[in-house]
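Participant: My structure is below; once you've seen it, I'll send some questions.
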């Protein structure tokens, strides 16, 4: 594993040449996004099963660390909707202390991923998988808000989706109309707030202020933060380590891995979006290390899991953010709010916070993808629907695992389908120059097969199938491998088995024009020594000449001097490449002493 020792936050580069105008722009952006983050942070925490201050503490601690240490120039960190489902499930099953421990374990995983330079690996997660569970999370977020949006009188709401809907349906008659009216009015304000005003005064803040004022003036019988949670502390808590035990660590490995994977996907996707908006390039490994540190530190202060927040990052950029200073100001703004105005938070109605989260769910769901399924390849549509269904009905962790496995299987199937193994002669030739069979005589007893595409384990059996379909076994079999760019161990094993079967019967195998990676792999495995270097030819003309030599037939002279020179150069090039690879392997292979030669 290649571990990176470089730790260079974007803040270091951003402060070079930092001007007063940059500071002014970052201050405005940070103040604005800090105010926007306040209702979201509380809403995400409540939906995750913990107290509202946990979301604010997360936005402060994680927001500061992610901006100060991260690899993105303007990304804003904090709690996000993606974590609600998994955090609520962990809290309901294992309790608050183990939720903190699980988040810290996820932070360690993220830190290791960044140090091991695995940041670029996240981009290989298929689009249908990420969009499938993202849409599923949106549905689950909406389901978690039904109780507070309608004011249902339910003592305990199950974490499982189907059971939750059944319990909520049973208590549908307990709907509180003042709560529903307030929630509906708040959502209407959020959705209908003019976009041209969003940059200066976000609709969620307007709904929050108006909802709080209405409840206070008219004494509406609705639940508030004060009535359910008793208010918000006016200071950061003292850091406290969760209790460690091997049993808890073992049980929390799987959910911690899910949190880490979600945080990595969300943060790097946020960084990519930010790059596109400001024409910059983020450091994915640095971003993962910062996310890891933030998720290790935040639970010590009573916070929850954090990652890059796309909506808040976009808001910050639109407000003029130019550097990580804006994210730091956003965290300081939230700290100032709880120090100065925490007592006022007790009047905030939960119905308004519920409307904020319903808006998050509506914007988060990739609903347009359902209309595109008919235009997608069937395999991608199956992966999307599987990830979506498993996220909603069973569990997000299961959805990610099965979605990835299913996507990998379908990818292997798709790659194997592109691999073609066919018999060729002059009438079916498609290539030109020295690689063409046109005008060349194929001696009796010689068969030529062409392999096109990657020769992986999903396609290796096609070679045997193609040979059996022919119904006859030649004296000399020529495999044209010029169009095989990659081969794995199964493909190599198929060639070795073919060579062994032919050798036992006194038959011969010749490889024509093998590409660099397959050639080096066969040489490293010792297959070329078994096959004989003379049976590895640079092109089809040399392969046919070698076949005539094996059969004891006279060599057909080549009268084109240019063609002869090309063949000599090609053969010399391959020999040189093979020699260089062997020398490089010898230099990199540690001797018995354990150290590389200098």
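Participant: Among all residue pairs at least 6 apart or on different chains, which show Cβ distances below 6 Å where the first residue, located in the range 264-276, is more than 19 Å from residue 293 (Cβ to Cβ) and the second is assigned to a helix (DSSP H, G or I)?
Facilitator: Pairs found: 273/310; 274/313.
Participant: Something else: Any residue at all in the range 68-76 that is without any contact (Cβ under 8 Å) to a residue 60 or more places away in the chain and in a loop (DSSP other than H, G, I, E, B)?
Facilitator: no
Participant: Related question: Could you grab me the full set of residues in the range 190-202 that are within 20 Å of residue 30 (Cβ to Cβ) and in contact with a helix residue (DSSP H, G or I) (Cβ under 6 Å, 6 or more places away or on another chain)?
Facilitator: If the condition is that a residue be within 20 Å of residue 30 (Cβ to Cβ) and in contact with a helix residue (DSSP H, G or I) (Cβ under 6 Å, 6 or more places away or on another chain), then 199, 202 are the ones that fit.
Participant: Given (1) modelled with pLDDT of 60 or more; (2) assigned to a helix (DSSP H, G or I); (3) crowded, with 19+ Cβ neighbours inside 10 Å, identify the lone condition not met by residue 497.
Facilitator: Tallying (1) modelled with pLDDT of 60 or more; (2) assigned to a helix (DSSP H, G or I); (3) crowded, with 19+ Cβ neighbours inside 10 Å, residue 497 fails exactly one: (3).
Participant: Taking residue 488, is it over 16 Å from residue 540 (Cα atoms), at pLDDT 85 or above, surrounded by 14 or more Cβ atoms within 10 Å (Cβ to Cβ) and out of contact with any helix residue (DSSP H, G or I) (no Cβ under 6 Å at 6 or more places or on another chain)?
Facilitator: Criteria met by residue 488.
Participant: Let me ask something else about it. On the basis of being touching a residue at least 12 places away in the same chain (Cβ under 8 Å), in a loop (DSSP other than H, G, I, E, B) and farther than 30 Å from residue 316 by Cβ, does residue 180 make the cut?
Facilitator: no
Participant: Quickly run through the range 141-164 and pick out the residues that are over 19 Å from residue 351 (Cα atoms), in contact with a helix residue (DSSP H, G or I) (Cβ under 8 Å, 6 or more places away or on another chain) and loosely packed, with under 14 Cβ neighbours inside 10 Å.
Facilitator: Selection gives 162 alone.
Participant: Within the range 33-59, track down each residue that is at pLDDT below 90 and under 16 Å from residue 325 (Cβ atoms).
Facilitator: none
Participant: Among the candidates 129, 112, which residue alone is over 19 Å from residue 287 (Cβ atoms) and in the same structural domain as residue 283 (by TED's automatic domain parsing)?
Facilitator: 129
Participant: Next question. Do the conditions hold for residue 310, that is, is it under 15 Å from residue 74 (Cβ atoms), surrounded by fewer than 24 Cβ atoms within 10 Å (Cβ to Cβ) and touching a residue at least 40 places away in the same chain (Cβ under 8 Å)?
Facilitator: So residue 310 passes the test.
Participant: Restricting attention to the range 279-300, report how many residues are within 14 Å of residue 71 (Cα to Cα), touching a residue at least 40 places away in the same chain (Cβ under 8 Å) and over 14 Å from the mean Cα position of the chain (by Cα).
Facilitator: 10
Participant: Kindly list the number of the only condition in (1) without any contact (Cβ under 8 Å) to a residue 40 or more places away in the chain; (2) touching a helix residue (DSSP H, G or I) at 6+ places or on another chain (Cβ under 8 Å) that fails for residue 341.
Facilitator: (2)
Participant: I would also like to ask the following. Looking at the range 210-232, can you tell me whether even one residue there is exposed (fewer than 13 other Cβ atoms within 10 Å of the Cβ), assigned to a loop (DSSP other than H, G, I, E, B) and touching a residue at least 24 places away in the same chain (Cβ under 8 Å)?
Facilitator: Yes - at least one qualifying residue is present in the range 210-232.
Participant: Now, a different point. Name the residues in the range 387-416 that are more than 15 Å from the chain's Cα centre (by Cα), at pLDDT below 80 and assigned to a helix (DSSP H, G or I), would you?
Facilitator: Within the range 387-416, 410, 411, 412, 413, 414, 415, 416 meet the criteria.
Participant: I'd like to check something: does the range 34-54 contain any residue that is in a loop (DSSP other than H, G, I, E, B), within 24 Å of the chain's Cα centre (by Cα) and either in the same structural domain as residue 200 (by TED's automatic domain parsing) or within 15 Å of residue 334 (Cα to Cα) (or both)?
Facilitator: The answer is yes; a qualifying residue exists.
Participant: Out of the residues in the range 467-481 that are more than 10 Å from residue 509 (Cα to Cα) and assigned to a loop (DSSP other than H, G, I, E, B), state the one that is modelled with the highest pLDDT.
Facilitator: Of everything passing the filter in the range 467-481, 473 is modelled with the highest pLDDT.
Participant: Determine, yes or no, whether residue 182 is in contact with a helix residue (DSSP H, G or I) (Cβ under 8 Å, 6 or more places away or on another chain), over 25 Å from residue 367 (Cβ atoms), surrounded by 14 or more Cβ atoms within 10 Å (Cβ to Cβ) and at pLDDT 90 or above.
Facilitator: Judged against the criteria, residue 182 is a match.
Participant: Going through the range 347-376 one residue at a time, which ones are surrounded by fewer than 17 Cβ atoms within 10 Å (Cβ to Cβ) and in a helix (DSSP H, G or I)?
Facilitator: 347, 362, 363, 368, 370, 371, 372, 373, 374, 375
Participant: Could you please give the count of residues in the range 417-436 that are surrounded by 17 or more Cβ atoms within 10 Å (Cβ to Cβ) and at pLDDT 75 or above?
Facilitator: The number of residues fulfilling the criteria is 3.
The values are calculated or read from the model by the stated rules, or taken from the named source; none is laboratory data. Please read these numbers as outputs of a predicted model, since none were measured by experiment. Don't worry about glycine lacking a Cβ; one is built from the backbone with ideal geometry, like all the others, and counts go over all protein chains shown.
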